[in-house]
1. Collect the residues in the stretch 73-100 that are touching an Asp or Glu at 6+ places or on another chain (Cβ under 7 Å) and closer than 16 Å to Gly45 by Cα, keeping them in residue-number order.
2. Within the stretch 83-100, can you find the residues that are open to solvent by less than 40 Å² (accessible area, probe 1.4 Å), assigned to a loop (DSSP other than H, G, I, E, B) and hydrophobic (A, V, I, L, M, F, W, C)?
3. How many residues does the stretch 141-178 hold that are touching a Ser or Thr at 6+ places or on another chain (Cβ under 6 Å) and of a type in the set (S, T, N, Q)?
4. Assuming Ser103 fulfils every condition listed in (1) surrounded by 15 or more Cβ atoms within 10 Å (Cβ to Cβ); (2) modelled with pLDDT under 95; (3) among the small types (Gly, Ala, Ser) apart from one, which condition is it?
5. Ala80 versus (1) modelled with pLDDT of 95 or more; (2) farther than 18 Å from Ser49 by Cβ; (3) not in a strand (DSSP E or B): which is the lone unmet condition?
6. Can you tell me which residue in the stretch 45-72 is most open to solvent (accessible area, probe 1.4 Å), limited to those that are out of contact with any Leu (no Cβ under 7 Å at 6 or more places or on another chain), over 14 Å from Ala89 (Cβ atoms) and part of a strand (DSSP E or B)?
Amino acid sequence: YHFVSWSGDGVADFGSASTTVTIDQNRSVTASFAIDEHTLTVNSGTGGSVSGDGNFTYGTDASITATPDTGYHFVTWTGAGAADPASAATTVSMTTDRTVTASFALDQHVLTVEANSSGAVTGSGTYDYGETVTITATPDTGHQFTNWSGATVADSNSASTTITLTEDANVTANFEPD
């Protein structure tokens with residue numbers, strides 16, 4: 001709390017917490033106090049948005065929420081006061097002005113590229129959300145590439161094509177004898 005003002009007669013300075021009262025008769029004075037307010041600033045890193053900033057009374061547990069954009073995930077809250085920094089929805093104890101920032105990271109997906117038999121493939125790995133990856137099928141001697149099956153690729157009939165990752169994916173190169 002903080003001091004607001006004095007009320008009553010004979011007070012020298014109504015706005016000062018420490019003042020004098022003229023005692024030339026019986027006097028009644030009253031001190032008024034108000035609860036402190038604190039500002040919560042909520043920031044967002046790349047990959048998402050946040051909510052919950054504003055002004056709050058002392059001791060309030062202010063709710064904050066981090067919402068990741070498509071292809072991102074929430075990582076953590078930084079800054080003092082977050083009850084659970086690892087949770088996208090948590091509270092902040094408002095005992096002072098606070099600033100918290102939500103961090104997000106780009107999702108990663110696993111691409112598994114296999115050959116059904118009679119050939120070799122390239123392109124397997126872990127890639128960022130939305131990344132376009134080139135995959136290649138090379139037939140063994142006496143065989144030819146026929147197509148890709150499994151996840152959707154740019155050109156299922158081309159031995160060298162691309163796939164754009166928005167989730168984990170499995171593709172298989174199919175070969176047949178010449």
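The values are calculated or read from the model by the stated rules, or taken from the named source; none is laboratory data. The model shown is predicted, which means the values in this text are computed figures rather than measured ones. Every residue, glycine as well, gets a Cβ built from its backbone with ideal geometry; the counts of neighbours run over all protein chains shown. The area values use the complete protein model at the heavy-atom level, side chains included, leaving out ligands, DNA and RNA. Shrake-Rupley method; radii C 1.70, N 1.55, O 1.52, S 1.80 Å.
1. The answer is His73, and nothing else.
2. Hit for the stretch 83-100 is Ala88, nothing else.
3. 8
4. (2)
5. It fails just one condition, (1).
6. Filtering first and then ranking leaves Asn55.
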